[in-house]
Amino acid sequence: MMQAQSGICAEPNLHASYLMFDIAAGQEADVRQALAHFPELCRDLETSFPDAAFSGLVAIGAAVWDRLYTHRPPELQPFPPSASPQFQAAVTPFDLFVQFRADRFDVLHLAGQRLMARLAGRVRLREEYRGFRFLDFRDLTGFVDGTENPQGAHRAEVALVAEGPYAGGSYLHVQRYVHNMTHWQRLALKEQEDTIGRTKQENIEYASADKPQTSHIKRVNLKSADGQSKEILRQSMPWGTLEEQGLYFISCCRTPTHFNDMLDSMYGSNGQGHLDHLLRYTRPVTGAAFFAPSETFLQQGGVI
Ligand code: HEM
């Protein structure tokens, strides 16, 4: 049985630490060894601080995968560039993405210190951001985020590869969005609600006929040809300061195609031509694709 990393299907909690690294040339073998100990690093924190509900995950970037491991997850591809003339999104590959989450901020800091002690000199820290719960699970736009996320055992069905040598792993897409708060706060309540496709305070989904084609919900609620919902597990949280703030968006899925199709639909590049109007008020300043292998895969150094 392949053990999935605890951070992939983790339940929402209060704090997050997001780290993006590049691997220094020639350090691949040492990094692979450090990653083999990553599950143990997380387990130790989980058991030492049970009140913190700690979880962790490390994901390996699409571009660096072949430098670290011999066998490659079959669907791992670079972050898709926008094919839309209406919207150009950032594509910023990183080699490693680490997500630590907990209800205690000090435990997150300790996790980061322990990780850095293992990786020092072998990687370059490119980005470090902290996520936080805002009110009752709201994004900084004021709308509840995560309502339609898969729940319970369904989280694993959506997020984890079920079979084969990559079972227990997950395809991740990460985008750091910066909101234009001034612009957003100038909108009337009804304009904000039409942009999302739900009511703000009560968080009630619009009736299908009332949802504008340009609303966020309309753009991302997709079905496959056989009528199945294309689902992803979102692990996003708000981040930022009063000067710059937004959503640290994270999608975990058993296949990258659901996220890619949603992004195409948001950008208006899937043949329907409707831009998601949420993108008038927020923009992704990063975009990177990863695979978060099972703990077993990491511990075995990628031998499958
Ligand atoms: C700053 C960027 C974003 C913000 C503020 C945002 C916010 C929201 C909000 C408020 C909801 C409604 C509540 C819920 O079901 O969670 C929602 C739903 C959703 N969002 Fe986003 N979102 C963002 C980016 C994205 C991106 C990039 C994707 C995927 C490519 C995405 C996929 C989804 C999905 C699948 C749903 C559930 C739709 C449904 O089934 O009703 N979101 N988002």
Original post:
Under a plain spin-label model, where a point goes 7 Å from the Cα along Cα-to-Cβ, how far apart in nm are GLU244 and ALA83?
Top reply: 3.2
Original post:
Along the principal axes of its C-alpha atoms, what lengths does the stretch 40-119 span, in descending order and rounded to whole Å?
Top reply: 49, 35, 21
Subject >> Cα radius of gyration and Dmax for the stretch 197-304 (Å) >> reply: 16.8, 52
Original post:
When N counts the residues of the chain, how does its alpha-carbon radius of gyration compare numerically with 2.2 N^0.38 Å, as a ratio?
Top reply: 0.98
**OP:** Please give the length that would be gained between ARG114 and ARG126 if that part of the chain were fully extended, namely 0.36 nm times their separation in residues minus their C-alpha to C-alpha distance (nm, one decimal).
**Re:** 2.6 nm
Subject >> Net length gained if the chain between GLN27 and ARG72 were fully extended (0.36 nm per residue, minus Cα distance) >> reply: 14.3 nm
Subject >> Neighbour net charge for TRP184 - beta-carbon separation under 10 angstrom, K R +1, D E -1 >> reply: +1
Subject >> Extension gain (nm, one decimal) between LEU222 and ARG186, 0.36 nm per residue minus Cα-Cα >> reply: 10.0 nm
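Only the coordinates and a few stated rules stand behind these numbers; no lab work does. This structure is a prediction, so every number in the text was calculated from the model and none was measured. Because the Cβ atoms are built from the backbone with ideal geometry, glycine has one as well, and the counts that use them run over all protein chains shown.
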